[in-house]
Amino acid sequence: MITKENIEQYWEEGYTVLRGVFGEREIEQLRQSMDRWRWLGEMLRRTWRWQNTVIWVNEDADTAEPIVRGMQWPSYHDAVMDRFRTDPRFLAMLKPLIGDNVKQIINQLHWKKPGSRITWPLHRDVRSRQPSSAFIDLYPSWVQTGVAIDPHRPDNGAMKVVPGSHKDAEHDPDDKTIWNVPQYANDPRIRDMVMDPGDVALWSAYTVHGGGFNTTESLDRRLYINGFVKADNCLRGEWVWKNGVTQHLHGEPALIQFGQVHEITEPHYASEVGHRTAITD
C-alpha cells in the first residue's frame with residue numbers, strides 16, 4: 001500500500017499521496033455517512049459537543065444559514081467511520097513510518113460546500129498538538145492522513161501544501177512563530193494536492209498546508225482526516241493498534257484535546273460555557 005518512493009517523498013518533502021487506496025463503493029459509504037452528520041449539524045445550527053465528538057457550525061454571513069464546517073470524532077457513534085479508521089490498509093501505510101503500536105488523536109470530517117468562503121489558512125499541525133508535554137519527539141512520530149471523498153481539485157478547495165517546509169524550522173513544538181505561516185502563500189514551492197476519490201494523502205505535523213476556497217457551483221469537497229501517532233511517544237489518544245492488532249473504541253473515551261472529557265459528559269452547545277444545557281433538556 002505504500003511504496004519506497006512514497007516513503008522517500010514523505011521524509012524529503014513532508015507529504016505523499018497514495019493513489020486508489022479505497023474503491024468507489026467504499027467511498028460512497030463514506031459520502032452517505034458524512035452527509036448524515038452534516039444534516040445533523042444543519043439541524044443543530046450551532047457548534048455542538050458530546051465529550052470528544054464535536055460538530056463545528058458557522059453562520060453564513062449573507063444568509064445567516066448554518067454552515068457545517070467539520071466534525072471531530074464521529075467514530076464513537078458511527079460504525080462506518082470507525083471501520084474505515086481501523087482499516088488494515090491504514091496500518092500498512094503507517095507501519096514503515098511509525099510502527100504498529102499506534103494511537104489516534106485526530107478523527108475528523110471536513111466539508112466545503114459549493115461557493116464556500118470558509119477555509120483553513122496555511123499552518124503547521126504542530127500548533128494543535130498541545131500540550132507539547134503529551135507528545136515526545138513529535139516530528140518522526142506523527143502522521144496525518146486524509147481520504148479524498150470527492151474529486152480534490154483547486155477549484156473546489158483542494159489542500160495546498162509546501163513541499164520541504166517541514167525542514168524550514170527547528171522541530172520545537174512550543175515555537176509559536178512556526179504555527180501560522182501566511183507568508184508561505186507566496187512560496188514558489190506551493191502546490192495543490194490534487195486527488196481523486198479514494199486517494200489518501202499523508203503529511204507531517206511540520207509541513208505547511210492549508211485549504212483553498214470552493215468556487216464551484218455544484219462540486220462538494222469532503223475529506224476524511226485521521227491523525228496517528230507512535231504510541232510510545234504520546235500520552236493521549238485512543239489506541240488503534242497494539243502490535244498490529246486492532247483496538248476498537250469501547251468504554252470511557254480517552255483524554256485527547258477536550259480536557260473536561262470525563263467531567264462534562266452530557267451533549268451541549270459549545271457556546272454555553274458555564275451553563276451547558278444538555279441537548280435532551
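Just so you know, all these numbers are worked out from the coordinates, no wet-lab data involved. Given the structure is predicted, the values throughout are model-derived calculations rather than measurements. Using ideal geometry, Cβ is built from the backbone for each residue, glycine included, and neighbour counts are taken over all protein chains shown.
Could you give the length gained by full extension between Glu266 and Asp196, i.e. 0.36 nm per residue of separation minus their alpha carbon distance, to one decimal place?
Working: separation 70, 0.36 × 70 = 25.20 nm, distance 3.84 nm.
Value of the extension gain: 21.4 nm.
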- Note on the structure: Simple spin-label estimate for Arg236/Asn186, 7 Å along Cα→Cβ, in nm, reads 3.5 nm
- Item | Average projected area [Cα convex hull, the stretch 41-122], square nanometres | 7.3 nm²
- Note on the structure: Around Asp35 (Cβ within 10 Å, Cβ-to-Cβ, excluding Asp35; K/R +1, D/E -1) the net charge comes to +3
- Of Trp179, Gly164, Val102, whose Cα points farthest to the positive end of the dipole of the chain (charges on the beta-carbon: +1 Lys, Arg; -1 Asp, Glu; origin at the Cα centre)? Val102
- Item | the chain - Debye-derived log10 I(q)/I(0), Cα point model, q = 0.10, 0.11, 0.13, 0.16 Å⁻¹ | -0.51, -0.62, -0.90, -1.44
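Compute the FRET efficiency between Ala61 and Thr177 as 1/(1 + (r/R0)^6), taking r as their Cβ-Cβ distance and R0 = 30 Å, and round to the nearest 0.05. Working shown, then result.
On the way: r = 30 Å, r/R0 = 1.01.
After rounding to 0.05, the efficiency reads 0.50.
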- Note on the structure: So the number of lysine pairs in the stretch 40-189 with alpha-carbon atoms under 22 angstrom apart, 8 or more residues apart or on different chains, is 5
- Note on the structure: Note, the stretch 6-22: 3J(HN,Hα) by Karplus (6.51, -1.76, 1.60, θ = phi - 60°), whole Hz, Gly/Pro = x, goes 4, 5, 4, 5, 4, 6, 7, 10, x, 6, 7, 10, 9, 8, x, 5, 10
- Message: Using 5 Å bins from zero, what percent of all Cα-Cα pairs in the stretch 85-149 falls into each bin?
- Response: 3, 11, 22, 21, 18, 13, 7, 3, 0
